[in-house]
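Down below is the structure, laid out as structure tokens.
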Amino acid sequence: MHPFRQKSFYEPTPACFEVENYLDLTTFELSNLDLQNNNFTKEQQLGLRSLRNMHDIVFSKSDKGGAIVISKKTHYKEGLRHYAVKDDYPIKLPSCETTKLIEATVLKSNYFEFNDRYFVQKIGASMGSKYSPEICDIRAFEVINEIIEKKGEAIRHHRNNSSTQNLKDTVCKFKGHLKHMGYKEHKIYCNCESALNIERSELLRFKQEPDKQIPLVFVTKYHFLLGNINKSLRKHYKKLLRYAKCRGLFPNPPMVALRNLKEILTSSVVKP
């Protein structure tokens, strides 16, 4: 065999014994959990088994909500045939001019709505795909509104302009820009004046940001035995604290993040 085709069987040494030990012990703990247990009752299991054996029904999702619709195949085929008949449901096609107007508005325009007014984007990255340019109206509103709420733009002008006259001219243009976008004059005045009342020396002084410790997060899908998983992840956490560097990297116990959280949310029933 050619020497380049032979396997080296090289195994790197562990980078940190404490981390490797924690991973091995935690993996062993998780492997002992029985995650295949069925959380359905006996009646529910019998119902699912009987539905699985019925071959003359069709399962489909409902148009609204998360309901499941069960229909007979004969009724399902009859409904499809009924919808396919043009005589029962005639579709009136729009005129040629209407079609061109719809195409120009939906497919070729890139506009968004803000404060009950419509704006067409001319520069910058597209706010949405060309087939749905208005889908980001809410996000655009949040971003633009955050600028005025936190006075970030006015503070930036105050920090960058050392000349009083240049600062006045810049803030005047900034106020006009905000007014053109639909903001109320009293709100513009309050936020800009609040930013200008801050001493420029305070804005130029370096501020040390607080150190934010990144937690040790394990991303997984929701399971009804999640409580046992949390217990297994935290069981050998103290072994990480034996190493000084691990104590600095992981000051808090590990946590679990659910990747499918939206799938397990259900509407609550409020009793009268």
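Since every read-out is calculated from the coordinates, none of them should be taken as a lab result. Given the structure is predicted, the values throughout are model-derived calculations rather than measurements. For neighbour counting, all protein chains shown are included, and Cβ atoms are generated from backbone atoms with ideal geometry for every residue, glycine included.
Ordered by the number of other Cβ atoms lying within 10 Å of each residue's own Cβ, fewest first, F206, F17, F174 fall into the sequence F206, F17, F174. Each residue of the range 150-204 gets 69 Å³ once the volume of the Cα convex hull is shared out per residue. The length gained by stretching the chain between T41 and F218 to full extension, at 0.36 nm per residue less their Cα-Cα distance, is 60.7 nm. Footprinting exposure proxy ranking of D24, D63, fewest other C-beta atoms within 10 angstrom first, gives D63, D24. Going from the fewest other Cβ atoms within 10 Å to the most, the residues E202, E78, E29, E11 appear in the order E11, E202, E78, E29.
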